[in-house]
Structure formats: structure tokens, C-alpha cells
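The structure under discussion appears below in the form of C-alpha cells.
Laboratory data are not the source of any read-out in this text; all were calculated from the coordinates shown. Given the structure is predicted, the values throughout are model-derived calculations rather than measurements. Methodologically, a virtual Cβ is constructed for each residue, glycine included, from the backbone with ideal geometry; neighbour enumeration extends over all protein chains shown.
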């Protein structure tokens, strides 16, 4: 299995380690519930160095990205970021990613760990504008500092005035004694905070420097990262979205700009929108039991109308929550609709809800 630059420190901390897509990663340190609560109430530190980074540069960089992704990259100012879907010609999703515009003709694309090889090959194969592509996945380590105290922790470790940055902003500067870092006010937990890209050759000491920064910062593993993103109704590639999923049915219409001009999958998405979506991703508050991926979703008559894609007990809300696809017909996806879920042969009810299960106003 692959290891991040911080691997030995996770092991020394007593973290429970698991195989995550070929990476030996911490799933928990003090326990998922405690780590989840610490992130919601103060601040958590995550090792996300397994994520991939691709650089798209040169005078044709914008044209290449406009061709590849669903969002309108032309609207992205220097120093800001954008969530987008990497698109297939048939309207499916290769991956979901963040695009950071570092300069006029210089973009950093952050991709999912499990898709590093696939995405790189896809960028190379779908570059008709001949933009300069560089795979920088082994160049960067990456940490996420998430929670209400995340900005304060990040500020204590850099001379850059990050507290003044808008959500989604990215700047270059020093961090934890290392020059040439990229500090982005982004994250995938529903909290405020930063994701920091650190040159991998100098990154190893920064983990302990961050932990020594105060604010009761807690190390957080993959277990709490999953429950945090689920409470915020952030989709997970491999569960909630796949290469057979369209962004429209996944509730990602807000990052799918059909009016920006031609891009991979646009024609398929236009046709899908015109003909009506066959299914929709919905949030579910589940009674009595925890629904896991692949549990069938049924209507009141017992007819299978969909399937659960993610599910957990919400540590913050104290309720069982899930995501799943249901047939779009007959009001199945309408908020307030009550469905049934078959959980290993036991039937329980669930209610369709709109928006994130939990959100914070900062």
C-alpha cells in the first residue's frame, strides 16, 4: 500500500489504519464520534495527501478545462476555486474535483485519491487544445484544517493574512515553516477552514507543528471525514456518483453550466433535461435503523424505486441519515415523501428531505 508523508506519525499516534484505495490511511485516532464532534465544535486536522493534483497551464489551459469539466471556468478569477465534474461524452462523471486558478494561464486541479491514475489518463486523452499538463500528485502533501477554529489555526502558522480571504480563495505563502505552500479556504466537511498544499519534500515536520498550534486541535481520520461530509450532503465518488451518473440527477446542476458552450457530455445532458430525469439523488432521514449502501428503497406499495448510496448515524443530529437515488416519477423525490428501506430484510420508513442535513452559518 502507498503511504503519505505523515504515515509514520499516524502510526505513532495509535491511529487505526486501513487500506483506502491502495493507501494505508488512518480511519480513526480517538474514535469517529469524538473526532466528528471536535471538528464541529472546534477544529480537526486531516491528512488528505492521498488526493491527486494536476496542473493545467499555458495559453490553452482555459479552453482545455472548459472542454473537460461541467462548470464555467471562464468565470473563475485568479485566486479563487470552483467545484466541478470531470465529464464523459455520454454525460457521466469521471470524477468530481476542485479547480484552483493560480494565475491567468495556470490552474491546479485537485482530484480524488482513488481516481488519480484514471483522471490523469483521461486528461491526456482529452486535450484537443494541447494545453500543458503536469501530474503533480507526488509533488504535494495536503492537510485539511476544518472547523470554526480552522482559520485561526491556519493564521497562527502563516504570515499571509488568511483571515481576510473569502470562501474558496487560494494564495501562495509560507505555512508551518515551509515556503511555497498553497493555502485554500476550501474543504468538504461543511465547516470553515483551509486545505493546505505543502511541498512534499518539506512536509513531514509540519504535522506536529500544526498539532502544537493550540485551539485543542484534534487529529481526524477517514471515519469522521465521511460522517462530516454526509451531514453536509456532499457526495462521495464511488458511492453517490459514478461514471454512469449524470450531474443533473446527482443534484449537481449548480455546477453544470449548459449555457457556457460545448463541453464533453453537454449534448447528453441537454437531452436528459429535455426528456426528464429518470432518477434523482435525495436525502433521507431514516427511522430506527442505519441504511447502508445498496439497501433497496421502496414506495408505500412495496415496489423498489431506488437504492441507498451512503448512510450513517449523524453524530451531530442524533438521527439516521442517508443518500440514495429514487425514480423521479410520481413525487418519489419530493421533500416530505415517506418511503420504505429494506435493511437486510427488515423494513423501516424514511422521509425525503431537502438540502443538507446540517449546515452552519458563519
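Taking the DSSP beta bridges with both ends in the chain, the antiparallel portion is around 95 percent. If you plug the beta carbon distance of residue 24 and residue 212 into 1/(1 + (r/R0)^6) with R0 = 25 Å, you get a FRET efficiency near 0.50.
For the chain, what is the relative contact order in percent, using Cα pairs closer than 8 Å and at least 6 residues apart in sequence? Across the chain, relative contact order equals 17 percent.
Please check which bits of segment 43-73 a label hung off residue 124 would reach, taking the label as a point 7 Å along Cα-to-C-beta and the cut-off as backbone N under 17 Å. 52-57, by backbone N distance to the label point. Annotation: peptides 172-179, 129-136, 268-275, ranked by per-residue average of other Cβ atoms within 10 Å with the highest first, follow the order 172-179, 129-136, 268-275. Model label points for residue 138 and residue 319, set 7 angstrom from Cα along the Cα-to-Cβ axis, are 4.8 nm apart. In plain terms, if you count all Cα to Cα distances in segment 278-353 and split them into 10 Å steps from zero, the share in each step is 23, 60, 16, 1 percent.
Hey, any idea what the orientation-averaged projected area of the convex hull of segment 80-152's Cα atoms comes to, in nm²?
Averaged projected area of segment 80-152's Cα convex hull equals 6.6 nm².
Assuming R0 = 41 Å, what is the FRET efficiency of residue 172 and residue 243, from their Cβ-Cβ distance, to the nearest 0.05? Numbers along the way, then the final one.
Numbers: r = 34 Å, r/R0 = 0.82.
Computed FRET efficiency for residue 172 and residue 243 comes out at 0.75.
From the Cα gyration tensor of segment 18-70, with a ≥ b ≥ c the square roots of its eigenvalues, which class applies: rounded if a/c is under 1.5, or else prolate if a/b is larger than b/c, or else oblate? Here segment 18-70 falls in the prolate category. Placing a pseudo-label 7 Å from each Cα along the Cα-to-Cβ vector at residue 294 and residue 106 gives an inter-label distance of 4.6 nm. Based on every Cα atom in the chain, Rg and the maximum pairwise Cα distance Dmax equal 20.5, 62 Å.
For a test of the definition: using alpha carbon positions, the gyration tensor, and the 1.5 limit on a/c, classify segment 35-182 as rounded, prolate or oblate.
prolate
Measuring nothing but how far apart in sequence close Cα pairs (under 8 Å, 6+ apart) lie, relative to its length, segment 52-135 scores a relative contact order of 41 percent.
Computed packing ranks the peptides 186-198, 329-341 as 186-198, 329-341, most packed first, by mean other Cβ atoms within 10 Å. Our summary gives segment 278-353 a relative contact order of 39 percent, counting only alpha carbon pairs under 8 angstrom and 6 or more residues apart. When peptides 314-326, 16-28, 253-265 are ranked by their average number of other Cβ atoms within 10 Å per residue, the highest-first order is 314-326, 16-28, 253-265. The order of 218, 200, going from fewest to most other C-beta atoms within 10 Å of their C-beta, is 200, 218. For segment 179-324, the gyration tensor built on C-alpha atoms gives an oblate shape. Its axis ratio a/c (a ≥ b ≥ c) is at least 1.5, and a/b is not larger than b/c.
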